[in-house]
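Read through the structure below, which is laid out as structure tokens, and then see the notes.
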């Protein structure tokens, strides 16, 4: 869990330090914009942007019942963030498994990807798709609704 927050915390610390340097140098107004940008980057790279993750076994059980996709992801992954942002509000229809929080989810991803933890890995109807096009995932979400 700690490593999921490492990058966001480092970004906020860095941004705060840079803003403090600007403020001490006599230009507090110039410190605000970089600080806001760094905080935005920290939020985008945190688990807060993603729907609440569930365990892999629960996600697989629910997906089998209603046909919704299971998305295996990890915080800090720019491809996961790209998928999440491009799905918009539809992202909440999928089941999200954080492989850093769920060892069973990490094991599923390693099985699919020959030992690698390549994410996002999306499983639809038992078939895995590694780093799929967000438009395709949107189609799958529409079919399962």
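The values are calculated or read from the model by the stated rules, or taken from the named source; none is laboratory data. Small disclaimer: the values here were computed from a predicted structure and weren't measured. Here Cβ is always computed from backbone atoms with ideal geometry, including for glycine, and neighbour counts include all displayed protein chains.
The sole residue among 101, 78 that is touching a helix residue (DSSP H, G or I) at 6+ places or on another chain (Cβ under 8 Å) and closer than 15 Å to residue 119 by Cα is 101.
If you go through region 104-136 and keep only what is touching a helix residue (DSSP H, G or I) at 6+ places or on another chain (Cβ under 6 Å) and on the phi > 0 side of the Ramachandran plot, you end up with just 131. Quick check: is even one residue across region 87-95 surrounded by fewer than 16 Cβ atoms within 10 Å (Cβ to Cβ), touching a residue at least 40 places away in the same chain (Cβ under 8 Å) and not assigned by TED's automatic domain parsing to the domain that holds residue 7? Scanning region 87-95, I find at least one residue that is surrounded by fewer than 16 Cβ atoms within 10 Å (Cβ to Cβ), touching a residue at least 40 places away in the same chain (Cβ under 8 Å) and not assigned by TED's automatic domain parsing to the domain that holds residue 7, so the answer is yes.
Okay, residues lined up against (1) out of contact with any strand residue (DSSP E or B) (no Cβ under 9 Å at 6 or more places or on another chain); (2) assigned by TED's automatic domain parsing to the domain that holds residue 9:
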{"position": "37", "(1), (2)": "yes, yes"}
{"position": "63", "(1), (2)": "no, no"}
{"position": "99", "(1), (2)": "no, no"}
{"position": "112", "(1), (2)": "no, no"}
{"position": "131", "(1), (2)": "no, no"}
{"position": "138", "(1), (2)": "yes, no"}
